[in-house]
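A short reminder: the numbers here are calculations on the coordinates, not readings from a lab. From a predicted model like this one, the values you see are computed outputs, not experimental measurements. Cβ atoms come from the backbone with ideal geometry, glycine included; neighbour counts cover every protein chain shown.
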2 protein chains.
Amino acid sequence: MLILNKQQVLDRFAVERTTLLLKKGFIAFSQQQVQMPSVQHLLFTQANGDCCIKSGYLEGDESFVVKVSSGFYNNPSLGLSSSQGLMMAFSAKTGEPQALLMDEGWLTALRTALAGRIVAELCAPKHITAIGIVGTGLQARLQLVHLKTVINCREVWVWGRNPEALCDYQSFAELEGFRVHITQDASQLAENCQFIVTTTPSREPILRAKNIQPGTHITAVGADAAGKQELETQLVAKADKILVDSLVQCSAFGEISHAFQQQLLQATRISEIGEVLALNKPVRKNDRQITLADLTGLGIQDVQIVKSILLS
Amino acid sequence: MLILNKQQVLDRFAVERTTLLLKKGFIAFSQQQVQMPSVQHLLFTQANGDCCIKSGYLEGDESFVVKVSSGFYNNPSLGLSSSQGLMMAFSAKTGEPQALLMDEGWLTALRTALAGRIVAELCAPKHITAIGIVGTGLQARLQLVHLKTVINCREVWVWGRNPEALCDYQSFAELEGFRVHITQDASQLAENCQFIVTTTPSREPILRAKNIQPGTHITAVGADAAGKQELETQLVAKADKILVDSLVQCSAFGEISHAFQQQLLQATRISEIGEVLALNKPVRKNDRQITLADLTGLGIQDVQIVKSILLS
């Protein structure tokens, strides 16, 4: 079995190849060519942690993939990353383990950020005076890094609860070439930004419907398990167009689950990313529409990013 | 991260310690002290294989466990074991990977066989003139090996489809000290045995109600996913007492699922192994009752066997 440590995994990562494979993966998923069992969730309340286990198999592939990824939110105080995890590839012909990627959660973070980039290509409004990033962690950084390749705007607002973390993010984003505004008031961010990404494990809404400008796009990345929520339910209900990675997952435990379960959403407004990619049609009809993308993370993304690492 | 290969895992295996931990695990599971998400199943029809992914966490433990195990039934023709897989332990405090046990499916096979032993202690009739083993593979062997410690009888009937595999099993069982009868007629086995273990991945019934003697116990190990079935539905319906590892799993995709879904079973006849162990009461009321145990395999068994390996 091939065992790669984090550095070896990152050395093999190639952004364009991975993005292309991820797009193919979203399409295959929406065309029912992927076996992707329900996500397993474990909760560690005392340690302020959670873990999810995803697996997937794209019919015809040589391998299938199992991924264990967790977030332990007290880890930074121990000098550890809050994201942890690994991915494994197994032969789809014999079941033998083929590769163990000890990526410490990086591949999950990267494929999530690249899903954000794919969504930006599909949904971003033409005129963006500032990007808004809700959260200051790893995903908040990776989203900004990968948005740079598809959005020209170099002005960013960032929201966080912790002033120190905000300052750190500011330094990071300045090094990435952005003019940075930090705030602890999410309404201020919403009022200044037309492309917003939310990346926190929040269990209560951070962004409110009343603060969002017409024409804004929001990518909601944080809510990937029951109980998590970053957007006010009314804000989700207000969106003109909603993209989801998986209708099954997002309606069950994604950002849109609250509005969905309260029957505030018309099914016609919701499309899977894979459907939209296959049709190659614009999501946004005009510059006044509010668009929303709900990313819960799919096993097929893990399949595709592992494939991209092992192909190299 | 500690990485152990198959031999290193087996060197650390201690049967009595593991059995004790498994019993504690079954009890904890039935007392709702275990997080055990729904099993993930993947199916590889072309390769005649399947894979299941289990995870579990016993509240208060230092670690949680994820297990990937598969059966690829064409493997023997490639000189490979049909059982494949590995188990992993992760910190329940930080999410960091702690240990990778490259056991090639052995721990799954062992904890399943030991569940068979635990069931035998609970359900075996007093007088057994012969043990019946349905199937000739690894699990068929391990069951016999571990039954020896709790059942005195040294006469065994074994059923299989392949004459060569039957001969191989005969040699194995003779070395284990058994007088061995081989047969390709399952009714002959049923008519001669009072303690039967079924261990095949069959998708059609092998044992029929009409052939089973009063007072027989049957442990059904093979059916652990939708579509698998080793016992005629009427045979399951006829059982006086049914033990299950998990009522949720067994009623959904275990051996009893067919009879359960056809509403042929009274709930009062069904108990979880963990409930029975906690009560410490005999399952069998008399020597005429037919008892049945349905083992689908629990994540908590993986948790406990990994714990027993890592404790050593």
Report the label-to-label distance for B:Q234 and B:R161 in nanometres (one decimal), using points 7 Å from each Cα along the Cα→Cβ vector. 2.3
Provide the descending list of Cα extents for segment A:1-110 along its principal axes, expressed in whole angstroms. 44, 31, 28
Degrees separating the helix B:299-311 axis from the principal Cα axis of chain B, which is the longest one: 60
Computed helical MRE - 222 nm, chain A, DSSP H runs ≥ 4 contributing -39500 (n - 2.57), nearest 500: -10000 deg cm²/dmol
Of all the stretches in chain B, which is the longest one without any exposed loop site, taking trypsin sites (Lys or Arg not before Pro) in a DSSP loop (any state but H, G, I, E, B) with at most 13 other Cβ atoms within 10 Å? B:1-125
Read phi for every residue in segment A:159-172 and hand back ³J(HN,Hα) as whole Hz from Karplus 6.51 cos²θ - 1.76 cosθ + 1.60, θ = phi - 60°, with x for Gly and Pro. 10, x, 8, 9, x, 5, 5, 5, 4, 4, 5, 4, 4, 4
Could you pull the copy-to-copy label distances for A:V248, with points set 7 Å along Cα to Cβ, in nm to one decimal and sorted shortest first? 1.8
Just tell me how shielded A:35-43 is by partners: mean number of partner chain Cβ atoms within 10 Å of each residue's Cβ, no decimals. 6
For segment A:67-166, what is the charge dipole size about the Cα centre, in debye to the nearest 20, if Lys and Arg each add +1 at the Cβ and Asp and Glu each add -1 at the Cβ? 260
Taking the alpha-carbon centre of each part, the distance from segment B:80-156 to segment A:207-246 in Å is 49
Would you mind checking the tilt of helix A:138-147 against the longest principal axis of the Cα atoms of chain A, expressed as 0 to 90 degrees and rounded to 10? 80
Let me confirm one metric for peptide B:66-76, namely the mean number of other chain beta-carbon atoms within 10 Å of its residues' beta-carbons. 4
Determine one quarter of the surface area of the Cα convex hull of the protein assembly as shown, which equals its mean projected area, and express it in nm² to one decimal. 27.7
Provide the FRET efficiency to the nearest 0.05 for the A:N48-B:D185 pair, computing r from the beta carbons and using R0 = 56 Å. 0.40
In nm, one decimal, shortest first: how far is the label point of B:L78 (7 Å from Cα along Cα to beta carbon) from the matching points in the other copies? 3.8
Hey, got the average number of other protein chain Cβ atoms within 10 angstrom for residues in B:95-103? 5
Measuring label to label, 7 Å along Cα→Cβ, what does A:H127 give against each other copy in nm, shortest first? 9.5
Net charge, A:L42 excluded, C-beta distance under 12 Å - Lys, Arg +1, Asp, Glu -1: -2
Under a Cβ-only charge scheme (Lys and Arg +1, Asp and Glu -1), can you give me the dipole magnitude of chain B about the Cα centre, in debye to the nearest 20? 600
Please identify every one of the GluC sites (Glu not before Pro) in segment A:144-215 that sits in a loop by DSSP and has no more than 15 other beta carbons within 10 Å of its own beta carbon. A:E176
List, in the order given, every pair from A:K24/A:K241; A:K23/A:K307; A:K307/B:K6 whose Cα-Cα distance in the structure shown is over 20 Å. A:K24/A:K241; A:K307/B:K6
For the Cα atoms of chain B, what angle does the longest principal axis make with the long axis of helix B:106-123, in degrees from 0 to 90, nearest 10? 50
